[in-house]
Each structure stands twice: as structure tokens, then as C-alpha cells.
Amino acid sequence: MNLLHFLSGRLAKGVLVLFAIAVLNFFLIRAAPGDPAQVLAGEAGAADAQLLEQLRQRFGLNEPITTQLWIYIKGYMTFDLGFSYRQQQPVLSLVLDRLPATLLLTGAAFVVSLALGIVMGALAARRAGRWSDSLITTLSLVFYATPLFWIALMSQIVFSLKLGLVPNVGYETIGANYTGLARALDIGHHLILPALTLGLFFTALYARMMRASMLEVAGADFVKTARAKGLSPGIVSRRHVARNAILPVVTLAGLQAGQLVGGAVLTETVFAWPGIGRLMFDALVQRDYSVLLGVFFMSSAMVVGFNILTDLVYRIADPRIEAGA
């Protein structure tokens, strides 16, 4: 019953957060210069006042701002994200078509970053003060401080253009018409560079946190007792230190999983990955308000969902946490 109360409370807070985000996004988008009518009229080469008025009436931009907000919120309450007049498709269909590619990219980046971060952090902690610890710490700092777009471009140049090991852009080989396992392997081949690029920043973060957490746990009394019983250093490190040090890292990873969606915007643009990040970038250039707001809302919903799931898993793993925490 406590778990159900805990989950219902988190869901209620998540709905309120999504509502606030939706309203904020609506006004921020409207505050940007230009609108879809001006963009379409400019592309048509006939930006006269009459055409602009017709386009604004078609898009509902001539309605009062409060009316536009109410239509927008009412649509979202019924899972109607609007209609893209540029794409001539419902926004929900556009987002759902691109969502699997984004989930695949962010999921792969999450697994890679968490696994590498834990391994690197544990190795650095076990060899604290040695050259390998300094090397891992330095690499973590470099990956943490290097801009994502620079890593993406350099990885394309080195591993794709120079060495030819992996494809540099795209979701799968165009015209190959692979099916079944062959298609899955082809997509996985294209996924390597984007997933590694997106996950490097978080790998550095988890490695540094895992190292600090293991060094802190290594000084606890129960670890000293385990050593006093004559257990080997490897068993003490794996069974007593690492198992207790990993929980804060996993918690942080769960809370930051939603941030991968934000990082995917740049990654998908550089690698021409057909996800919602690339869709959002194109919509921004085209001033496609409906698509922008729909992508913002879905991204926010994913972040809130990841946070609720992390809270739930953490509470199950550690029942000492109070429901109201």
C-alpha cells in the first residue's frame, strides 16, 4: 500500500510538471521571432499582407493568445499534439515514427556509458594513486570537458573517413533492403559511432563517481571486518565494496537518463540519425510550431517517466526510503 501511495504521488507530481512545462514551452515558442506563416510565405516568394493573413488564419495564429493556449492544452489532454501543415501529417504520427530510433540510440548510449563508467571507476579505485588511476581520471576529465559536437565530428573523420571501420551517417544502408537479422546487424553497425559519442560524457561522469564511491565505502567498518576475516582483496572489492558503491551511481544514471534525449538532438543532427532530435532541429529551422511543441512535450514526458521509474526502482532496492522522501 505504501508503494502504491508512493507511485501515485510521483505520478501526480509528474502530471503537474508536464502541465507547467507545456505552458512554458507554448509561451517560449511564441516569443521567438517569426512564425510559420512568414516562413511559408517567404519560401513561396509572395510575402504580401493578404497571403500572410490567410496563412495565419489557417494556422490559427490570428486567434487571441489565450484561445491558442486553451486549444493547445485541450488537445494535449486528449493526446492530440496538433497537425503539421508543412509535413501534412499529425504531429503524433511524426513523433511516433521517429521515437524508436531515438529510444534505440539513447538506450544504447545509456547501457554503454553505465557499463564503461562502472568498470573504469572500479579499476581506478582499486589502483588508486597508480598510473592507471591517473590515466582513467585524466581521460574522464577530457571526455567530460570536450564539446559533444567536436567528439562527433572527430570520430567521423577518424573511424569512418580515415579508417573506414564504421558508417559515418544514417540509420541503415540505403538501398540494401536487408531484412531480419541482417537488417538488425546493419542498424547496429550504424549505431556504434552515435551511441559511443553520446555516451562518452556520461561515461566520464559515472567513472568519477564510481571511483569516489568505492574509495568511500572501502573505509567503512564492515569492509575492515571483511579484510580482518582473511578474505582476498578481490572478493572484498567485488562483494563488499563494489556492490555497495554501485547504488549511488545507478541512481544518478537513472535520474540523468532523460538528459540523453537532450544530447541526442546534436548527435542525431551530426550523424543524420532519424530520431526526434533531428525532427526537432528541422522543425526549428522551419518554424513548425506544432512539431516543436510536440517534440518538447514528448521529451519532457520521457524525462519525467525516467525519473519516476528511477524513484520506484530505488525504493524497491532500498525499502528504508520513506514514501514522502
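Derivation of every value follows stated rules applied to the coordinates shown; laboratory data play no part. All values reported here derive from a predicted model rather than from experimental measurement.
Observations, loosely collected:
- If the chain linking Leu103 and Ala176 were pulled fully straight, counting 0.36 nm for each residue of separation and taking away their Cα-Cα distance, it would gain 23.9 nm.
- Taking every alpha-carbon pair in region 134-179 and binning the separations at 10 Å intervals from zero gives 23, 33, 30, 10, 3 percent.
- Over region 205-278, the fraction of Cα-Cα pairs per 5 Å bin, rounded to whole percents and listed from the shortest bin up, is 3, 15, 18, 13, 11, 10, 8, 7, 6, 5, 3, 0.
- Rg/Rh for region 174-240 (Cα atoms only, Rh after Kirkwood) is 1.35.
- Taking the centroid of alpha carbons for each part, region 195-260 and region 79-126 are 25 Å apart.
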